[in-house]
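> Quick one: the structure is below, questions incoming.
Bear in mind these aren't lab numbers, they're just calculated from the coordinates by the rules spelled out. Worth saying up front: this structure is predicted, and the values here are computed from it rather than measured. Neighbour counts are summed over all protein chains in view; Cβ atoms, including those assigned to glycine, are modelled from backbone coordinates with ideal geometry.
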Amino acid sequence: MPRALGILRVVAPEVELPLEGGCGCGAVRFRIDAPLEAAAYCHCTRCQRRTGTASQASGRVVPGSFHVTEGEEALRRWMPPDGYEKVFCGRCGSALYGENPEDRDFITVRLGAFDSDPGIRPAARQFVAYAAAWEPIPDDGLPRFDERIPPASADCWHRALGPG
């Protein structure tokens, strides 16, 4: 049973496990054996540049439930100076997931990398002070945070997602 994470646990209709996904060219495939714990949008400029979009949606994986099933050799990594390591396909460039370099069990998967509904909906927006001027943030009722989602709002989300 997934833990409730305050404002950050918005569950979609029942999801069938395992969750599966991969990159755009098919070289990398992954499997997740447990429901995602939390999900949020990030509007930081790093995510904008990395994805080419106004925001990125990611879901927090239950520790130990994420497995690369194909294409480990195609994975490439980028370690920004103050954030989590970004993992992408070296063949097609698809953004796949992020890892905490201090604890490799803390993984956030890009929701667009799933083959089907991941069973969770983003429940907050962080770094909205840096939102792209060319795409207004929708009036969707989600909590908005100028910077990172504060621990007071979701204490383990801060630990789970880390810097953009």
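> Please work out whether the range 55-116 counts as rounded, prolate or oblate from its C-alpha gyration tensor, where a ≥ b ≥ c are the square roots of the eigenvalues and a/c under 1.5 means rounded, while otherwise a/b larger than b/c means prolate and anything else oblate?
Values: a/c = 1.24, a/b = 1.08, b/c = 1.15.
Since a/c stays below 1.5, the shape of the range 55-116 is classed as rounded.
> Using +1 on the beta carbon of Lys and Arg, -1 on that of Asp and Glu, and nothing else charged, what's the dipole of the range 33-106 about the Cα centre, debye to 20?
Approximately 500 debye in magnitude.
> Also, I was wondering about something else. Would you mind getting me the FRET efficiency between Ala54 and Ala34? Use the beta-carbon distance for r and R0 = 45 Å, nearest 0.05. The partial results should precede the final answer.
Details: r = 30 Å, r/R0 = 0.66.
Once the sixth-power term is evaluated, E becomes 0.90.
> Fewest first, what order do Phe114, Phe88 take by the number of other Cβ atoms within 10 Å?
Values: Phe114 19, Phe88 22.
So the ranking, lowest neighbour count to highest, is Phe114, Phe88.
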